[in-house]
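First the structure, in the form of structure tokens, and then the observations on it.
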Amino acid sequence: MSFFDGKKLVWNGDSISYGSELKDRSAAFPYGTAAYLGMSVKNYGIGGSVLARRRGDYVRCYTDLGEWEEDLAAGRVDTAGKYLVRDGLWEPRPYRLYSYENGSWVRGGTDSVDAARTPLVDRIGEMDRNADAVVVMIGTNDFYWAWTPFGSPEDGYFSKAPDTEDLDVTTFCGAYHAMARTLLERWRGRDIFLLTPIKLYQVDAGRPGSWPCRWPEDKNALGLTLGDYCRAMKRIAAYYSIPVIDLQRCSGLSPQMNPEFFADPEEGTRVHPSAEGHRRLALTVSSAIRTFRG
């Protein structure tokens, strides 16, 4: 019997955690990780999610679904953009799009299209607070789209931002600090694990702001590699003494050398793992978690 047997895990992340491209989402590695550890799991991963809140053509961010619906019904929403965020890809839409209810994400408002514009830093509080352990994997979309400034790991030091509300969550590093503090505050004394993104092979999506990222050394529009983001994640996590599982280094999934572990092995995008790729991730993550608690 392991330390985690019978306990509850909550998980958050983007499309890789969600299980995009899988025929059976229960094959996604959050479920496999929980199974290997003997835990139950609630998976809050959602496709397209970024971490940081984007600066945009709005003066108000809706982080409460009821507040958005109330303003919408009362006609207080400026459809020209005052209360909406424009992401450059689709039509303007409310910043707060989804609410987690009864085990699934529920759309909010009349202009909702998807959940990519609800950053993880704003929806981390949706997770079950009665969890025994928390896992978060985020950063792939922040790197790829580069919608937000990177910031610096030092920007979130307590000497510079003593309170969480002092952090600039419109930078990647500021949002990662805010996420770490929220996790430690809301799941005080619980086991928290942060995962870096896996390596990926991303073609040009043909949308504004996208570009090919075929190799680990490729840089985004900010001149940064995905490895730069991962190094910042590890520095920030170390600042708060949160364990990190570095999937950039130890996932065993190389999009260049092991395309069979990705859902699109022949050509094009190698971002989302195949069922076998997810199985390997689950083995890697569950084994790493056991090293912390046995």
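The values are calculated or read from the model by the stated rules, or taken from the named source; none is laboratory data. Quick caveat: nothing in here was measured; it's all calculated off a predicted structure. Note: ideal-geometry Cβ built from the backbone for every residue, glycine included; neighbour counts use all protein chains shown.
Restricting to the stretch 24-46, count the residues that are in contact (Cβ under 8 Å) with a residue 12 or more places away in the chain and either more than 17 Å from residue 195 (Cβ to Cβ) or not in a loop (DSSP other than H, G, I, E, B) (or both). Number satisfying all stated conditions: 16. Just one of (1) exposed (fewer than 14 other Cβ atoms within 10 Å of the Cβ); (2) touching a Gly at 6+ places or on another chain (Cβ under 8 Å); (3) assigned to a helix (DSSP H, G or I) fails for residue 278. It is (1). Of the residues contained in the stretch 141-164, none is found to be modelled with pLDDT of 95 or more, surrounded by 16 or more Cβ atoms within 10 Å (Cβ to Cβ) and within 30 Å of residue 3 (Cα to Cα).
Residues of the stretch 217-260 that are part of a helix (DSSP H, G or I) and farther than 20 Å from residue 194 by Cα: 259, 260.
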